[in-house]
Amino acid sequence: MVIRGTVHNGQIEFNSSLLAEGTQVIITPIQSTNIQDVPKPDLDGFKAEIQRIASLESESNYDDGFTGADHDKILYGN
């Protein structure tokens, strides 16, 4: 889901009100007047999370013996 909005006086005004009160969101600017204002992404955090997900044995609620490594072998031949 994408909900657009605009910053006015330091507050984000959304174009619609589809979100329930208390909903947590991640804001990603689509336009900036100054490149220095855009925070750099936490690449180390992303890499750590990708490694954590890649190390999972199974993403299903039951153990069917089909691992993430098996999935990669089928898709990528690794």
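The values are calculated or read from the model by the stated rules, or taken from the named source; none is laboratory data. This structure is a prediction, so every number in the text was calculated from the model and none was measured. Note that we place each Cβ from the backbone using ideal geometry, even for glycine, and neighbour counts take in every protein chain shown.
Inspection of segment 15-29 identifies no residue that is outside any loop (DSSP other than H, G, I, E, B), out of contact with any Pro (no Cβ under 7 Å at 6 or more places or on another chain), at pLDDT 80 or above and not aromatic (F, W, Y). Candidates in segment 41-66 are the residues that are assigned to a loop (DSSP other than H, G, I, E, B) and within 15 Å of the chain's Cα centre (by Cα); of these, the one that is modelled with the highest pLDDT is D42.
Criterion first (surrounded by 10 or more Cβ atoms within 10 Å (Cβ to Cβ), over 19 Å from the mean Cα position of the chain (by Cα) and modelled with pLDDT under 85) does A69 satisfy it? Yes, satisfied.
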